[in-house]
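Readers should treat all values here as calculations from the given coordinates under stated rules, not as data from a laboratory. The model shown is predicted, which means the values in this text are computed figures rather than measured ones. Don't worry about glycine lacking a Cβ; one is built from the backbone with ideal geometry, like all the others, and counts go over all protein chains shown.
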Amino acid sequence: MYHRYDALVIGAGGAGLMAAAQLAGKCKSAVISKLYPPRSHTGAAQGGIAAALGNVEEDHWVWHMFDTVKGGDYLVDQDAAEVLAREAIDAVIEMEHMGLPFNRTPEGKIDQRRFGGHTRNFGEGPVRRACYSADRTGHMILYTLYQTCIKHDVEFFDEFHLLDLILTDDGICNGVVAMEVLTGEIHVFHAKAIILATGGYGRAFQVTSNAMAATGDGMSIAFRRGIPLEDMEFYQFHPTGIYRKGILLTEGARGEGGILRNADGERFMERYAPTLKDLAPRDMVSRFIWQEIREGRGGGPNKDYVTLDLTHLPPGALEAKLPDITDFVETYLGIDPHVEPIPIQPTAHYAMGGLPTDVEGRVTIDEENTILPGLYAAGEVACVSVHGANRLGTNSLVDLVVFGRRAGRHALQYIAENELAPLPPEPEYRGRAEVANIMERTTGENVADIRQDLQVQMMDKASVFRTGEGLREIERIVRELKDRFHHVAINDKGSVFNMDLLEALELGYLLDCSEALVAGAVAREESRGAHMREDFPDRDDTNWLKHTLAYRTSGGLQMRYKPVVLTRFEPKERKY
Amino acid sequence: MQVTVKVLRFNPELDSKPHYETYTVEQEPSDRVLDALNTIKWHIDGTLTYRRSCAHGVCGSDAMRINGRNRLACKLLIKDVGSTITIEPILGFEVIKDLVVDMEPFFDSYKRIKPYLINHDAPPVGRERLQSPEDRERFDDTTKCILCACCTTSCPIVWTNEEYVGPATIVQGHRFIYDSRDQGGQERLNMLNERSGVWRCRTIFNCTDACPRGIKVTLAIEQVKRTLLTGE
């Protein structure tokens with residue numbers, strides 16, 4: 001089936017819905033999403049969204065910008081970080097006006113709490129910057145944006161799975177191919193502007209906070225079409241996932257006073273980060289948790305976790321400010337966090353890397369930031385880059401709304417100034433062939449087995465600590481898994497709601513993202529932010545203060561590099 | 001532990017009517033029911049079909065009837081249901097395939113209650129609308145709703161009366177009716193005062209029992225009834 005629009009948004013999480021809200025009523029637009037919008041993974045974000053409102057203590061956007069740059073280990077593009085920190089304020093206010101129910105101060109203003117790496121006066125101590133709504137801030141953002149889209153009659157194609165981007169011979173993006181999950185029918189969407197907001201790929205790792213739907217669809221599909229992926233080697237592990245299950249326990253728990261302890265009961269973060277302690281940035285805290293475990297100070301029979309201690313929080317704090325994580329701990333661990341510390345371990349959480357974009361959300365394709373006309377990306381799928389080598393807590397939600405909004409607004413301008421380019425012949429042939437290839441094979445490899453191998457190996461060799469040897473090993477393993485993937489066979493041969501097929505397609509995306517991550521990590525012979533090479537333990541600004549651009553070519557992956565944009569802040573050693 | 005999972009299955013491309021199939025899988029007691037379904041799908045029968053995403057009870061995808069009660073499969077542990085588990089699709093909506101039902105009527109009903117802030121005054125420039133913590137607290141419980149449909153599809157009135165908007169729509173109405181910043185309360189109250197509205201509720205409490213977010217659904221419905229009667 002053929003559809004024609006001015007603008008299309010792919011993905012209905014925070015970035016996609018914020019972009020869609022800009023387009024609503026101003027052009028013919030629609031949102032295509034593989035999930036019903038309220039199922040999107042933005043809804044799992046808990047702790048807060050940073051904005052220097054200064055509602056409870058002095059704060060300034062430039063402090064937020066500095067923290068973002070330093071938190072990202074100076075790999076952040078500072079022009080983008082400035083946009084992020086400045087526009088966070090207005091974006092939070094805009095969402096409040098849309099109806100977002102933030103927690104309130106006694107005066108009725110938006111309340112704010114502490115979060116990792118957010119400081120007053122360029123690192124002097126923690127600052128209350130995270131605007132929050134109990135520990136379901138992401139849920140509230142997702143719902144408020146969805147509500148706003150309903151209010152403005154946004155058109156949705158729910159449960160449509162993206163298969164391909166349509167690119168013309170002139171290098172313009174003018175549509176997408178998607179499969180209607182309900183029927184298996186393949187649809188061609190022809191449009192002037194496409195905004196990718198398809199999220200991350202945490203499911204490449206064994207222990208993750210990410211939803212099963214977080215499989216890197218948009219990154220992989222663009223990568224296959226020759227668009228580079230930027231800084232993929234930087235993948236964030238959130239320090240506090242529920243032991244073995246990986247379910248997120250917000251940093252807001254430490255913002256409210258929670259303490260990490262090793263098996264001896266010691267508050268070990270005091271040793272590593274004397275100023276910010278448990279509220280140091282995530283890359284550091286995750287690393288130090290593993291260090292405690294490696295040195296034999298982990299808890300439990302296998303000595304493989306540390307604990308998050310909330311037992312000393314004031315009465316009522318868990319109920320009022322952290323009710324969801326209290327429920328998760330009770331449900332999944334059978335523990336009452338009022339009286340017992342919670343076993344935790346770092347969990348795969350967030351891709352700092354993704355499709356390179358400028359501050360308007362336009363996808364760029366080379367070292368000169370050449371624009372790919374018609375294609376935008378926002379949210380976790382994109383790399384602006386505001387997170388650099390390590391994202392600060394709450395900044396993903398800021399990223400979503402600030403750059404989702406910018407992408408939507410810029411797309412409006414673009415569609416007003418440009419004609420709809422004609423479709424190339426048979427625009428759906430790649431997508432159709434990919435599906436047919438999987439559907440027609442009767443015997444072969446099992447999708448779940450390959451995925452399981454990938455997840456275990458990525459966790460083992462490409463997570464918090466990395467070595468050249470381990471990375472070269474996982475590089476070979478991913479290649480082998482890709483070979484096996486070319487022989488997958490599925491059980492379900494039907495057209496209606498074929499989740500077996502979708503899981504196979506998604507495994508292909510996970511393998512692509514993993515391949516790019518590993519290639520970037522092998523090449524980058526330094527340690528920066530979340531990329532910790534034990535064989536190159538120091539940051540090397542002389543050789544590596546630059547962004548990776550990974551390209552898929554016929555001769556394998558090719559690594560190119562582009563400079564980091566530095567404006568206000570000179571790179572310095574990172575201490576907390 | 002060994003777990004026997006009996007699933008009500010229906011493939012519209014092959015079956016004329018639903019039938020049960022039984023699988024035996026090995027799971028940890030601390031695993032989720034969703035993990036058992038995944039084991040079946042990934043290693044025994046890839047055609048088994050269900051929605052799922054976050055796997056920890058916040059996205060609302062995997063509502064199903066588990067041993068006769070509406071639950072999210074990702075928020076129920078094997079040890080809490082035992083070694084024999086019967087899983088069926090939620091009731092009241094058309095089954096598309098296996099545990100996947102047609103959610104369109106549910107979302108249509110949701111959208112009719114105007115689930116968004118209505119405020120005709122220009123907001124203050126450069127700052128938030130003020131709201132006291134007490135005013136914010138009034139509708140806190142109903143902001144937790146994840147539109148999973150556990151409540152609506154556990155309600156016997158919904159099963160027998162197609163007109164009734166059902167508990168989830170009332171919960172979503174409640175979330176705005178009691179928000180001090182909203183000016184659309186009367187519109188929504190009028191809708192909920194109609195034949196299809198709150199007066200269909202017979203306070204059976206199935207909805208409250210079913211809610212995976214712990215929302216006091218029946219209480220929310222009662223609050224709306226009281227406001228309709230007293231104007232408070």
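General remarks:
- Computed over the alpha carbons of segment B:1-160, Rg followed by Dmax gives 19.6, 61 Å.
- In nm, spacing of pseudo-spin labels at residue A:330 and residue A:90 (7 Å Cα→C-beta vector): 4.3
- Computed about the Cα centre, the dipole magnitude for chain B is approximately 300 debye when only Lys and Arg (+1) and Asp and Glu (-1) carry charge, each at its Cβ.
- Point-to-point label distance, residue A:558-residue A:124, nm (Cα→Cβ direction, 7 Å offset): 5.1
- When the protein assembly as shown is described by a simple charge dipole with +1 on each Lys and Arg Cβ and -1 on each Asp and Glu Cβ, the residue from B:167, A:16, B:203 located farthest towards its positive end is B:203.
- Pairs over the 20 Å Cα-Cα cut-off, from the set A:26/A:151; A:34/A:461; A:70/A:321; B:41/B:97; A:151/B:111; A:34/B:216: A:34/A:461; A:70/A:321; A:34/B:216.
- Averaging Cα coordinates gives a centre for segment B:82-122 and one for segment B:1-60; these two points are 20 Å apart.
- Between helix B:33-43 and chain B: long-axis angle, C-alpha atoms, 0 to 90°, nearest 10: 50
- Helical mean residue ellipticity (222 nm; -39500 (n - 2.57) per DSSP H run of 4+; nearest 500) of the protein assembly as shown: -10000 deg cm²/dmol
- For the pair segment A:346-366 and segment B:184-210, the centres of their Cα atoms are 45 angstrom apart.
- Euclidean distance between Cα centres, segment A:28-98 to segment A:516-571, Å: 25
- Only Lys, Arg, Asp and Glu carry charge here, each on its Cβ (+1 for the first two, -1 for the last two); on that basis segment B:1-69 has a dipole of about 320 debye about its Cα centre.
- Residues residue B:67 and residue B:162, FRET efficiency given R0 of 25 Å [Cβ-Cβ distance, rounded to 0.05]: 0.40
- Note on the protein assembly as shown: the C-alpha convex hull projects to 31.4 nm² when averaged across all orientations.
- Expressed to the nearest 5 percent, the antiparallel share of DSSP beta bridges inside the protein assembly as shown is 70 percent.
- Loop sites in segment B:20-115: GluC sites (Glu not before Pro), DSSP, at most 13 other Cβ within 10 Å: B:94
- Taken along the Cα-to-beta-carbon direction at a fixed 7 Å, the label points for residue A:338 and residue A:368 span 6.5 nm.
- Diffusion of segment A:290-345 by Stokes-Einstein, at 4 °C in a medium of 1.567 mPa s and with Rh set to the Kirkwood radius over alpha-carbon pairs, works out to 107 µm²/s.
- Positive-pole candidate from A:72, A:343, A:407, dipole of the protein assembly as shown, charges at beta carbon: A:343
- Think of each Lys and Arg Cβ as +1 and each Asp and Glu Cβ as -1; about the Cα centre, that makes the dipole of segment A:240-302 roughly 180 debye.
- Positive-end ranking of B:61, B:83, B:29 along the dipole of segment B:8-98, with charges on Cβ about the Cα centre, is headed by B:61.
- Candidate aspartates and glutamates - alpha carbon under 16 Å from residue B:225, same-chain residues fewer than 8 apart omitted: B:187, B:194
- Full-extension gain in nm, residue B:24 to residue B:228, via 0.36 nm per residue minus C-alpha separation: 68.3 nm
- Compared with the dominant Cα axis of chain B, that is its longest principal axis, helix B:167-177 is turned about 30°.
- Extension gain (nm, one decimal) between residue A:320 and residue A:264, 0.36 nm per residue minus Cα-Cα: 17.2 nm
- FRET efficiency estimate (nearest 0.05) - Cβ-Cβ, residue A:452 to residue B:86, R0 41 angstrom: 0.90
- Label-reachable residues, segment A:481-500, where backbone N falls under 18 Å from a point 7 Å from residue A:442's Cα toward its Cβ: A:487-494
- Enclosed volume per residue, in Å³, of the convex hull spanned by Cα atoms of segment A:350-464: 165
- Using θ = phi - 60° in the Karplus curve 6.51 cos²θ - 1.76 cosθ + 1.60, the 3J(HN,Hα) couplings for segment A:237-253 round to 9, 6, x, 10, x, 4, 3, 6, 8, x, 4, 5, 10, 4, 4, x, 5 Hz; x is entered for Gly and Pro.
- Cα pair distances exceeding 19 angstrom across segment A:175-321, given as percent: 64
- Alpha-carbon gyration tensor eigenvalues x 5, square-rooted, for segment A:160-259, Å: 35, 16, 12
- Span-like helix check, chain A: qualifying full DSSP H segments, with Cα axial length of 30 Å or more and mean Kyte-Doolittle of 0.0 or more, are A:395-417, A:499-523.
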